[in-house]
Every structure is written in structure tokens, then in C-alpha cells.
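Notes for the one structure printed next.
Only the coordinates and a few stated rules stand behind these numbers; no lab work does. Everything quoted here is computed from the prediction, not taken from an experiment. Counting neighbours? That spans all protein chains shown, and the Cβs are built from the backbone with ideal geometry, glycine included.
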């Protein structure tokens, strides 16, 4: 029998001066709510509430911690709080803005900008359902991940790692900006320290070193996930998870089907990022940015007449960036 998830906070609950409007999403690690501040500003609030360690009945505020998991719960709580503190110091368009973070109800809440739009995963699924020849144009992939890497570089400069990069955690706002959300540092602490039967990371995007407790993680760990995200943006589905690849690696074979659709350079970048040996990957975001920004490899991205006309109009309106992204996909409704 599946263990029930902790109940989310009820609408109109007041926490830290914010009024909960509704639950946006929930997972094994916590709950995200739409809320309003006293000034009426809408925000997203993420509540630390790992389902493996705590329970909560409907209508209650304070979670009940499994007795033998209290020390582990507190360890994750501390990591979550530190993550909020670190993110609050970062100001970059590609990194979710943390406006506030506070302790209440024996847990921690992280208050963030409320973003409207869709995740990269939503776009990938839509393109797959439309049975398009390719999910995104190469120029779109390069410009999109250049944005993400600019933010990730700042994150790494603050001695942080994301540790849960995947298309579902790359948000495309309504003004076509890419924003990294849902950092996984606290989740990783619990995964390393706890004895969970199921890991709390996403297969296909987690680097091999994340499956082991005795290895060092670094920028190269996030870079593996970036490669997996680009792979998904090319093929429409995630790569095999790392343990399966270590048994029999089919990455090169899968990518070979994309030759002629995408440039050899982009395919090689993905293979480089997703090397099973951490030392064989780019060791810094800067090294990857330099390669991904290669201008001479875009000859496979040919615009249709209609796209050229749209870009011309967008250039006239001074909105080149938005028009460039808009040619890449159909926004899901």
C-alpha cells in the first residue's frame, strides 16, 4: 500500500504574512503554493515537507515527523534553509528569485517570484505529440541553453550546485525567458544521508556520481544534466539513466540518428557533457558556453519563408529575441 502524501495547507491559511491561494504542485520533497502578500503581490511559496520523513493531516499546520527520522528531517531542513539564503543573494534572470525565506510550523518556507508560462518539458511533450521532425531548431537550443548557462555560471560562482536540472525545472516565462527553478541541494543531502529505497532524483538527468555516496560532485555534475536536457530537446525524450548506460551505452547510437538534422558540433557537445567519466566532461560552465556559442555550426538551421517574414517583422519592432524563440515551438494551451 502506497504511503499517503502529507496534506497541503488549506486555501486562506496565513503563513509568515502570506495568504495561501492554492496548491500549485507537490512532490516527494515538498509543496509549492500560489500565495498573496499583504500588498496583494502574487508569489510562489515552497514548503519543505519530505513525504518520506513526515506526515500531515488535512487542516493541520505542523507536520508530524517519523520518530526515527527526526535527525534526517532536521538535516534536510537546514540544507533547504541554507539553499534559500544562498539563492536570495543571486540576482540573475535565469535563476528563480527568492524574495524571502522563513521558519514556521516546524518547517521552512521559501518565497519566490510567481512565474507564468510553461516548463521546457511542456514544450517537448507538445512537440512530440505534434510529431514534428525535430523538437526545437538548433539555433533555439543554442540560445535557450546559453541563457540557462549564464545563470548556472552565477550559481556555481556562489559555490552552489543545482543538482536537479531537467526540462521540468527549466521554466519558459510568457516573455520567453528561461528560468531555472526547484534547486535540489537539500534533496541531495537527504538522498546521500538517508537509506531510501528510491532515489530522489530524476533518472536520465542524474550524473553517474549521484548514484554513489563516496564521490565528489561539482559543476561537472550539473553539466551532465545540461547535456541530458539538450538531448531531450533534440530527440523529444530523455536519455537512458546512468546505471543503464554504464552497462551498455547507447548514447552515441541514439545521437547518430540526429546527424543531418542537427550539426555535428551540437551532437558532440551533448556527448562531451554526458561523458560517464566526470573528468571527461567540461569542468566549468564557461568551457561549455564557449563551445555552445560556436557561430559557424548553424548551417543546418534553415528558415522557411514564413519564419523569415516573422523575424523581419520582429526586427522592425525591436523584439528580435522574442520572435527568434517564437518560431521554435507551439505554446501549449
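Taking packing as the residue-averaged number of other Cβ atoms within 10 angstrom, the listed peptides 45-51, 256-262, 5-11 run from highest to lowest as 45-51, 5-11, 256-262.
If you take the Cα centroid of segment 3-18 and the Cα centroid of segment 37-57, the two points sit 6 Å apart. Residues 165, 75, ranked from the fewest to the most other C-beta atoms within 10 Å, line up as 75, 165. Highest average first, the peptides 215-221, 145-151 ordered by how many other beta carbon atoms sit within 10 Å of their residues are 145-151, 215-221. For segment 83-138, the C-alpha radius of gyration divided by 2.2 N^0.38 Å, with N the number of residues, is 1.68. Which length gain, in nm to one decimal place, applies between residue 158 and residue 250 when the Cα-Cα distance is subtracted from 0.36 nm times their residue separation? Difference between extended and current length: 29.6 nm. Label point of residue 259 set 7 angstrom out along Cα-Cβ; within segment 135-151, amide nitrogens under 20 Å from it belong to 135, 138. Here the label points at residue 290 and residue 139, each 7 Å from Cα along the C-beta direction, are separated by 2.6 nm in the simple model. An ellipsoid equivalent to segment 117-301, defined through the eigenvalues of its Cα gyration tensor, has semi-axes of 25, 18, 17 Å when rounded to whole angstrom and sorted largest first.
With both labels modelled 7 Å from their Cα along Cα-to-Cβ, the residue 12 to residue 34 distance reads 1.8 nm.
Computed as a quarter of the hull surface, the mean projected area of the alpha carbon convex hull for segment 22-113 stands at 6.4 nm².
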